[in-house]
Each structure stands twice: as structure tokens, then as C-alpha cells.
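Report on one structure; see the data block that follows.
Computed from the coordinates by the stated procedures, all read-outs in this text should not be read as laboratory data. Note that the coordinates shown come from a computational prediction; the quantities given were computed from them, not determined experimentally. No Cβ is skipped: glycine too gets one built from the backbone with ideal geometry, and neighbour counts run over all protein chains shown.
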């Protein structure tokens, strides 16, 4: 299994069978000019270098830094399945699966658990814009691994039930999500083998390396760096 990260929380996972994409959204302010290409004269028609077309696209919520139709238009294939909490565009309705926390879906070689993601009154986030029921995370069992993509969330009680995770993609930026202190508490709960920080905002992920709970390994990919897990 190979993983890539693109700002802010765009994750690409490649296995022998599938290419998966989570929260695809190209925002030009997150990139240097050598890291992306302009594909046409249409507005916002850009892609980062290194992005592939996807068999499955997972959207955690409908904020523009996690979902951008111009980006999806460029990575979708004829057979691509899209998972989302809402319909995204009429032309994609037939291939979009509307999901809610608690759903369990299966495809050849892959199972998907949809889990809650939201801000809490006492959580590290200072802007409570992620509402329970309107945002989700995903746990995938694929390629003999369990992958947790939390979406934008604070530390929430439901995380106590998440276990046997090989790779966890968790936000660290604060403001809208967990901050670095709260993500450490989350890691102590779910105990993944590997942790990949996303949605950095102004947080420095490098500062987390020496704070990892026992047996948790922190991976900090560079943009478009493909890492074997």
C-alpha cells in the first residue's frame, strides 16, 4: 500500500487493486508553482503533480478545502464510486453513495465503516463549524490493513470504539479541529501503528515526532511524496 498527501487533507492511497482518494480539493494557495499544473484556461482547472485518477472518492464533508468539484472532475473515471454525506453534482448522482455514521459498505477486497466526525463544546477547536450528522470519517479495511481517515473533528467519545488501526490520518491544526495536544490524546485512545498528520494550518507537524505514544510511528509526507506502508 502506498500513500500520498496533498494539502490540506487530500489523501491518496494506492493498492494493487484500487486507487482511493479522500477529500480532493486543490487550493492554489497551498502550493508552490512547481508543485501543480494548469490543465486548461477554465477557472480553477489545476491539479497537483502526482495525482492519479481514482476508483473510489471519499468526501468527509462539504467545505471547500475538502471538496471541490473542479478537482473531482479531473480525477474521476467512468466507473468511479463517490461517497459523500450529500449529493455533490447532478451528473454524478448515479455514482454517488450517500453515507451516514454507522453505515457499513462492502466492495470486492474492501470494507468501509462510516463514523462520526464533529466539533464538541469542550474540544480544541475554536470555530465550531463541523456539526454531528453533517460530517463523517471513514475506516477502511483493505490490503490487510485498517485505515482511519477522521475528517475534521475534535476528540469525540466515539473514538473509544475505534481499534486495530494500522494508519490514522488525523487533523492537527486547531481552530476547526483537534490541535496537537488533543491529537496526542486521540492517539493514546486508538493506538494506531502509524499516524499521518493532516489539516496542519499553522501547526508544525514536526513537533509531534517526539511526543508519540508508545508504538505509534509518526509519518510526515511531503507534497506528492509516495510512501510505502
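Working note: Cα atoms of region 2-228, range along each principal axis, descending, whole Å: 46, 38, 35. The ratio of the alpha-carbon radius of gyration of region 120-162 to the globular-protein estimate 2.2 N^0.38 Å is 1.32. Judged by the ratio a/c of the largest to the smallest principal axis of the C-alpha gyration tensor, region 140-205 counts as prolate, that ratio being 1.5 or greater while a/b is larger than b/c.
Label-to-label distance for residue 189 and residue 104 is 2.1 nm, based on points extended 7 Å past Cα in the beta-carbon direction.
In the chain, the calculated helix contribution to ellipticity at 222 nm averages -2000 deg cm²/dmol per residue, counting -39,500 (n - 2.57) for every DSSP H run with n ≥ 4.
Placing a pseudo-label 7 Å from each Cα along the Cα-to-Cβ vector at residue 211 and residue 225 gives an inter-label distance of 2.0 nm.
When DSSP beta bridges are limited to those with both residues in the chain, what percentage is antiparallel, rounded to the nearest 5? Counting only bridges with both partners in the chain, antiparallel ones make up about 60 percent. Taking a quarter of the surface of the Cα convex hull of region 1-123 gives a mean projected area of 9.1 nm². On the beta carbon distance between residue 141 and residue 41, with R0 = 30 Å, the FRET formula returns roughly 0.10.
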